[in-house]
Structures are given as C-alpha cells and as structure tokens.
C-alpha cells in the first residue's frame, strides 16, 4: 500500500550497515516481524504496533525507500529483493525465530522468506496479501491511466483514485494525503515506486502455499479492490495449516482500517500457535 511515514516517536529508527534497510523495535516478549506493503514504510503499523508491543517484541522492517540508491540500482524492488532484505535483517539483529506479519506485497515477501527459511519462522500472518492470482485478471494498484498521468504530473484526483483502491473510505488516508502528494511530487521516489510496481506485478505465491507447513492466518477485507476476497477464499485451502478471516467494510489495509479487530484476531492466532 502507499502511505507517508507516520510518527513513531517511541521507537528510534536504525539502519543495517551498508544497506538501505531500516528497522524499529518496541516492546518485549516473543518476536514479531512486520513487513510493509508497496510504499507503506512505517505508517502501515503505527496504529497496531503499540498494541502488539504490549505482549511481544515487535520489529518493523523498512525495505529500501523508493528514492534510495538501492532501489535505483535495482530499477525497482522485486519480491526476491525484499525477501533477501528480510533475511539480511534477521541476520543483522540476530533473530533465530520469529512470527512474521506482512501486509499486501509484504505478505508475498513474508511467504517467500518463510518458504526459504522454514526454521526461522514460527507463524505467518498475511494481511490482505497480494500474489494470490489477482494479477491474472488485471487487478492493479493503479486504476485506469493512473500510471501515465503520474509520470507526467501530480494530480490530486489521480492520488485519490489510487488511495481509494487501497482503503474502504477516505477517512483512512485523509491525514496522510499531504505527505503522499509530496512523495509523489519527487520524481526519483515516483520512478522507484513505479519500477517496483512493475517488478512485483506478475509475482505470485500460489505455488508456495501448499509447502508452507507453518500456522498461517489470512486476513482480508470484504471491500478489498486490489485483491478481491474471492482470491483469498480460493487460496486459503492450499495452506496445510491455514485459517481465513474476512473483515466486513474493510479494504486492503486491515491493520489501519480495523486495528483493534486485527490485533485481537492476530493475538488469538498467535496464542493458538503457541507464540504468545
């Protein structure tokens, strides 16, 4: 998802040396790792992180920003790139094992990482994960001719159209709109976003799901316009130990639109999985 960076004054940001991967940590207890979606950065978790940090040590991972040297060198980031970044983070902070929660593209990254590093992930939570086959039917973050118009100039109606594919109501992005418009006015950041969107567009995790032997919770919104709920319904039975939760009146960011409900469902899942 796209958003500006939220205020997380209670947790300072750190950077992995010789990389553009950043992270923050809060709380104590068993480890949870949060993987944001396309452009989400730390704002994705600003509402739910303090709740999770009451019972767990929570790590927010920030993948290379769209205006970073890393993104420019990669010509956009792929799912594989971010999965390797996540592995770099685990090694850097010395995490032997953690539960991983991913939103949107972050769900694809979390699943890809868990598939490659099965001994280091205890449980998976996929919040409106992309990569469930929706790409085959043309679903996209960028509706209509938004990409062409974004490349040429910033227009508020284009930004709002994009954000309305993410959220079920304008109230969930209004406060962030100025920061988002500022980001999209930066040519380097905008090209990094579009390059990344191009590289992840056709990625899918469907072939991996039958091989994920971990407890896995899929949470999706009934009003998700990017990954319509029917794709999650079709994907859930592929998971050997999967659960599916559907939130009504919710779009592509349950942790922002329904933070309390998402927190409670995740906590019940982690308790059942023994990661509490």
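Computed from the coordinates by the stated procedures, all read-outs in this text should not be read as laboratory data. Everything numeric in this text was worked out from a predicted model, so none of it was measured. Positions of Cβ are backbone-derived with ideal geometry, glycine not excepted, and every protein chain shown enters the neighbour counts.
Brief remarks follow.
- Global geometry of segment 20-71, whether rounded, prolate or oblate, following the gyration tensor of its Cα atoms and the 1.5 cut on a/c: prolate
- The fewest-to-most ranking of 226, 151 by surrounding Cβ atoms within 10 Å reads 151, 226.
- In a fully extended conformation the segment linking residue 198 and residue 15 would gain 63.3 nm over its present Cα-Cα distance, using 0.36 nm per residue.
- One Cα centroid belongs to segment 248-267, the other to segment 86-103; the line between them spans 23 Å.
- Mean shadow area of the chain over all directions, Cα convex hull, nm²: 12.7
- Its relative contact order, with pairs defined as Cα atoms under 8 Å and 6+ residues apart, puts the chain at 21 percent.
- Set the Cα radius of gyration of segment 40-138 against 2.2 N^0.38 Å, with N its number of residues, and you get 1.10.
- Springs between Cα atoms under 10 Å define the GNM used for the chain, and in it the highest mean-square fluctuation of 158, 109, 125 occurs at 158.
- Along principal axes, Cα extents of segment 119-276, largest first, whole Å: 49, 32, 29
- 11 Å cut-off, amide nitrogen to a point 7 angstrom out along residue 271 Cα→Cβ, residues in segment 111-137: none
- Euclidean distance between Cα centres, segment 161-225 to segment 49-67, Å: 17
- When Rg and the Kirkwood Rh are both derived from Cα coordinates, the Rg/Rh ratio for segment 90-160 amounts to 1.16.
- Taking the helices alone, the chain has a mean residue ellipticity at 222 nm of -10500 deg cm²/dmol, built from -39,500 (n - 2.57) per DSSP H run of at least 4 residues and averaged over all its residues.
- Taking a ≥ b ≥ c as the square roots of the eigenvalues of the alpha-carbon gyration tensor, segment 195-276 is classed oblate because a/c is 1.5 or more while a/b is no larger than b/c.
- Calculated FRET efficiency, residue 187 to residue 160, Cβ-Cβ distance, R0 = 30 Å: about 0.90 to the nearest 0.05.
- Rounded to 5, percent antiparallel among DSSP beta bridges of segment 14-272: 20
- Ranked for footprinting exposure by Cβ neighbours inside 10 Å, fewest first, 129, 46, 83 give 46, 83, 129.
- Extending 7 Å from Cα along the Cβ direction at residue 264 and again at residue 233 yields two label points whose distance is 2.4 nm.
- Length available on full extension from residue 149 to residue 170: 0.36 nm per residue minus the Cα-Cα distance, which gives 5.4 nm.
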